[in-house]
Amino acid sequence: MHNNKLDLIEFHIVEHCNLNCKSCMHFSPLADKSFIKISDFKRDVKKMAEITKGNVETINILGGEPLLHPSVLKLLKTARYYFKNSEIRLVSNGILVPTQKELFWKTLKSLNIHLSITKYPLDINYQKISYLTQKYGIKYTFYAPSKENSQWYFPLDVDGKQDPAKSFENCRKGNNCTNINIFRGKLYMCPVVSYVRYFNKFFNKNLPVEESDYLSLKNIKDIQEILDFISKPTPFCRFCNISARTYDNKWERSKLDIAEWT
């Protein structure tokens with residue numbers, strides 16, 4: 001069963017990160033330094049706006065660390081142009097936020113962008129961030145997955161021996177309209193599938209992403225096609241070891257050890 005609308009779409013604009021958390025489900029510690037092109041971002045955002053008629057509750061702009069993108073403000077302007085009534089959230093680890101220039105804050109205000117900062121046990125001046133958001137009238141939240149300093153562990157079964165149906169049934173992202181992931185002209189129901197290419201390259205593995213694991217944006221006719229797609233497991237679900245997932249682990253930086261993801 002599925003809902004009749006999309007609650008959340010996530011656009012990934014930066015591959016790498018300046019924090020590199022252990023077990024990152026976007027595989028950012030393993031990724032090459034890479035930024036989305038403005039033209040590619042506009043193409044994908046425009047297409048999703050056409051499909052949904054702009055009727056999406058929330059748009060997340062994230063990475064990696066999105067503030068590493070040299071044109072992040074242009075991307076935010078593009079997102080707001082096509083999704084005039086959606087809440088648009090810039091999701092950051094907070095490291096670069098206190099050093100942003102006045103133009104950054106004024107742009108967030110003018111575009112009505114919500115700043116969402118994930119808290120980590122780091123020496124980040126959260127008081128200054130709170131002060132700046134209040135000074136410029138920016139909506140903001142400090143977020144931790146389940147408790148401050150917690151870390152998620154979403155292990156892969158590199159042999160692909162899991163039951164796809166059971167994995168899907170027990171996954172937080174399965175049959176869920178709240179976490180559609182857009183990456184390079186394709187729509188995925190899960191960021192693990194979107195970015196497993198970095199895991200494969202770094203550790204010389206071959207967890208395949210098949211055509212039935214995603215939808216090509218250019219071929220999607222309407223929102224019903226997306227709702228049907230996310231209402232059932234895909235072949236990649238066999239690589240997710242759902243029963244071994246844990247959520248309240250001590251936060252650490254990645255040591256680039258395959259055990260962090262298996």
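Values as computed for the structure displayed
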{"quantity": "From 96, 122, 132, 111, residue being more than 30 Å from residue 23 (Cβ to Cβ), within 24 Å of the chain's Cα centre (by Cα) and open to solvent by less than 70 Å² (accessible area, probe 1.4 Å)", "calculated": "111"}
{"quantity": "Every residue from region 100-126 that is part of a helix (DSSP H, G or I), over 16 Å from residue 79 (Cα atoms) and modelled with pLDDT of 95 or more", "calculated": "102, 103, 105, 106"}
{"quantity": "Top-ranked residue in region 45-65 [being part of a loop (DSSP other than H, G, I, E, B) and either within 27 Å of residue 96 (Cβ to Cβ) or β-branched (Val, Ile, Thr) (or both); ranked as farthest from the chain's Cα centre (by Cα)]", "calculated": "65"}
{"quantity": "Criterion violated by residue 19 - all others in (1) among the hydrophobic types (A, V, I, L, M, F, W, C); (2) at pLDDT 95 or above; (3) open to solvent by less than 10 Å² (accessible area, probe 1.4 Å) satisfied", "calculated": "(2)"}
{"quantity": "Among (1) open to solvent by 50 Å² or more (accessible area, probe 1.4 Å); (2) touching a Cys at 6+ places or on another chain (Cβ under 8 Å); (3) under 26 Å from residue 252 (Cβ atoms), the one test that residue 5 misses", "calculated": "(3)"}
{"quantity": "Any hit, region 157-175, residues being at pLDDT 90 or above and in a strand (DSSP E or B)", "calculated": "no"}
{"quantity": "Residues within region 227-262 that are in contact with a helix residue (DSSP H, G or I) (Cβ under 7 Å, 6 or more places away or on another chain), part of a helix (DSSP H, G or I) and open to solvent by less than 40 Å² (accessible area, probe 1.4 Å), tallied", "calculated": "4"}
{"quantity": "Top-ranked residue in region 194-208 [being part of a helix (DSSP H, G or I) and in contact with a strand residue (DSSP E or B) (Cβ under 8 Å, 6 or more places away or on another chain); ranked as surrounded by the fewest Cβ atoms within 10 Å (Cβ to Cβ)]", "calculated": "199"}
{"quantity": "Test: residue 55 is open to solvent by 10 Å² or more (accessible area, probe 1.4 Å), farther than 20 Å from residue 95 by Cα and touching a residue at least 40 places away in the same chain (Cβ under 8 Å)", "calculated": "yes"}
{"quantity": "Any chance residue 75 is closer than 27 Å to residue 197 by Cβ, open to solvent by less than 20 Å² (accessible area, probe 1.4 Å) and assigned to a helix (DSSP H, G or I)", "calculated": "yes"}
{"quantity": "Residues being in a loop (DSSP other than H, G, I, E, B) and at pLDDT 85 or above - total across region 176-193", "calculated": "4"}
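The values are calculated or read from the model by the stated rules, or taken from the named source; none is laboratory data. Only a predicted model underlies this, so the values are computations on that prediction, with no experimental measurement involved. Note that we place each Cβ from the backbone using ideal geometry, even for glycine, and neighbour counts take in every protein chain shown. Side chains included, ligands, DNA and RNA excluded: accessible areas come from the protein's heavy atoms. Shrake-Rupley method; radii C 1.70, N 1.55, O 1.52, S 1.80 Å.
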